[in-house]
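Please read the structure below before turning to the comments.
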């Protein structure tokens, strides 16, 4: 049995939505010093719909594949649906990740949530703070 699924390999070799959105409406950056993976997600939001999403990821193949798949899963969706995206959904969409690489899908989920939180903060939009990871205690945030 192969360590990585064909989908993981495809998203690693041909990542979707790579890049920067210069005038992004929300930006989220998370990282894990232990494994060295750093993800940055940029969102463009029009009428509460994610019209564009880009990412920059420094990390392993699973981190790149997770970032790529996560952006595909939220593009064109309402912001509320992006907040519901779980690391499990990212891993399932990739046809699985090895157990020791599941943290990559967690980082993708957290980067999206951080970008949405940034969007809310920039625009003075009220939100439930319980929807977002506590960056001071989770150990993934780079801030």
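The values are calculated or read from the model by the stated rules, or taken from the named source; none is laboratory data. Because the structure is a prediction, the values reported are computed rather than measured. Heads up, the Cβs are rebuilt from the backbone with ideal geometry, glycines too, and the neighbour counts pull from every protein chain shown.
Structure summary
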read-out	value
Residue match in the range 93-105 (condition: at pLDDT 95 or above and assigned to a helix (DSSP H, G or I))	yes
Filter result (in contact with a strand residue (DSSP E or B) (Cβ under 9 Å, 6 or more places away or on another chain) and farther than 15 Å from residue 9 by Cβ) within the range 86-105	103
Of residues in the range 111-132 being in contact with a helix residue (DSSP H, G or I) (Cβ under 7 Å, 6 or more places away or on another chain) and farther than 18 Å from residue 23 by Cα, the one modelled with the lowest pLDDT	132
Every residue from the range 69-92 that is touching a residue at least 40 places away in the same chain (Cβ under 8 Å), surrounded by fewer than 24 Cβ atoms within 10 Å (Cβ to Cβ) and outside any loop (DSSP other than H, G, I, E, B)	72, 79, 83
Qualifying residue in the range 39-48 (condition: in contact with a strand residue (DSSP E or B) (Cβ under 8 Å, 6 or more places away or on another chain) and surrounded by fewer than 20 Cβ atoms within 10 Å (Cβ to Cβ))	yes
